[in-house]
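K.L.:
Structure below; questions to follow.
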Amino acid sequence: MNSSELKVEEISKNFSGLKAVDNVSFSLQTGEILGLIGPNGSGKTTIINMVTGLMKPTSGRILVDDRDLTRNKRHHFAREGLARTFQTIRLFKKMTVFENVEVSGVSMGKNRKEAAQEAYRLLEMFELSDYADRESGSLDHGNQRRIEIARALALDPKFLFLDEPAAGLNEEESDALLDMLKDFPGQMNLGLLIVDHDMRLIMRLCSKLHVLDHGQTIAEGLPSEIRKNAQVMEAYFGSKVGV
Ligand SMILES: Nc1ncnc2c1ncn2[C@@H]1O[C@H](COP(=O)(O)OP(=O)(O)OP(=O)(O)O)[C@@H](O)[C@H]1O
Ligand SMILES: [Mg+2]
């Protein structure tokens, strides 16, 4: 399998004086799961917005296999294999579960048959087959999250960014999500970046972590190293979470 590497080099984003993201660098290989964590407002979503082309960085570069995508148009990012889900679920609520996933494949230039086959495979993988013909807006929150992930995967990404996939899920649903997510980066040769406040999920799922505070990197490393890092504990976990 071909491996790919995403490199984010010293990216910053200023919003009228506010340094929402300040000189952040990281890399992500296919097959790897990186957790991007930090308190509210620390710049996590802004980073996903930049690496998927929704926002241009004020400075810095985004490269895939040493190709510089920074100034490319938004649709080029999807073509280069960078896909995402949103913090607030964005589905075509009136369309069926199946159609939501199928349309992604069609948008990537697949014919209807190929897109349909792939959609059924993804629905199976995310245990959504029983709901294929239901309106997606009628499903509960946990299932809508899964549809979003299945839909992003139908774009055949090399890198997938999940913005708080466990938000609003209970412990049982979060564990079920973990089971679905843990193997597919290896199986599908995909690099996964996951933002979440659910430390149980993050610590179990990720092979490495990147920690932000006020837009800046305050720590990077293995989950076991981050857990021991006093600055991270103070900035992020506060005194309430004993992870
Ligand atoms: N479009 C925008 N215009 C102005 N300020 C913005 C914009 N988007 C984000 N910000 C600000 O940038 C900072 C970082 O926001 P961001 O949404 O990236 O944080 P986050 O880490 O995703 O937070 P959360 O955990 O609450 O989702 C915040 O102070 C936010 O108010
Ligand atoms: Mg956010």
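K.L.:
Label residue 225 and residue 10 with points 7 Å out from Cα along Cα→Cβ: what is the distance between them in nm?
P.N.:
Going from the residue 225 label point to the residue 10 one covers 2.2 nm.
K.L.:
Compute a Gaussian network model of the chain, connecting alpha carbons closer than 10 Å, and tell me which residue from 138, 104, 12 fluctuates the most.
P.N.:
Residue with maximal mean-square fluctuation among 138, 104, 12: 138.
K.L.:
Determine, from the Cβ-Cβ distance of residue 73 and residue 172 and an R0 of 45 Å, the FRET efficiency 1/(1 + (r/R0)^6), rounded to the nearest 0.05.
P.N.:
0.60
K.L.:
I've got another one for you. Just subtract the alpha-carbon distance of residue 40 and residue 25 from 0.36 nm times their residue separation and send over the number in nm, one decimal.
P.N.:
3.4 nm
K.L.:
In Å, what is the Rg of the alpha-carbon atoms in segment 88-155, and how long is Dmax?
P.N.:
That works out to 10.5, 30 Å for Rg and Dmax.
K.L.:
Given +1 on the Cβ of Lys and Arg, -1 on the Cβ of Asp and Glu, and no further charges, what dipole in debye does the chain carry about its Cα centre, rounded to the nearest 20?
P.N.:
820 debye
K.L.:
In whole Hz, with x marking every Gly and Pro, tabulate ³J(HN,Hα) for segment 26-34 from phi via Karplus 6.51 cos²θ - 1.76 cosθ + 1.60, θ = phi - 60°.
P.N.:
6, 10, 9, 9, 5, x, 9, 10, 10
K.L.:
Membrane-span-like helices in the chain: DSSP H runs reaching 20 Å or more (Cα, own axis), mean Kyte hydropathy at least -1.0?
P.N.:
TM-like helix candidates: 171-188.
K.L.:
Taking amide H positions as placed 1.01 Å from N in the peptide plane, with prolines and chain starts having none, which residues 5 or more places from residue 218, or on another chain, fall under 5 Å of its amide H?
P.N.:
Close amide H contacts, sequence-distant or interchain: 211, 212, 213.
K.L.:
How big is Rg to Rh over the chain, alpha-carbon atoms, Rh as the Kirkwood inverse-mean-distance radius?
P.N.:
0.96
K.L.:
Continuing with the same structure: Could you work out which residue, out of 166, 78, 176, moves most in a Gaussian network model of the chain, that is, has the largest mean-square fluctuation with Cα springs under 10 Å?
P.N.:
Evaluated over the chain, the most mobile residue of the options is 176.
K.L.:
Each label point is 7 Å from the Cα along the Cα-to-Cβ direction; what then is the distance between the points at residue 54 and residue 3, in nm?
P.N.:
3.0 nm
Read-outs throughout are calculated quantities, based only on the coordinates presented, and are distinct from any laboratory measurement. Please read these numbers as outputs of a predicted model, since none were measured by experiment. Ideal geometry is used to build each Cβ from the backbone, glycine not excepted, and the neighbour counts take in all protein chains shown.
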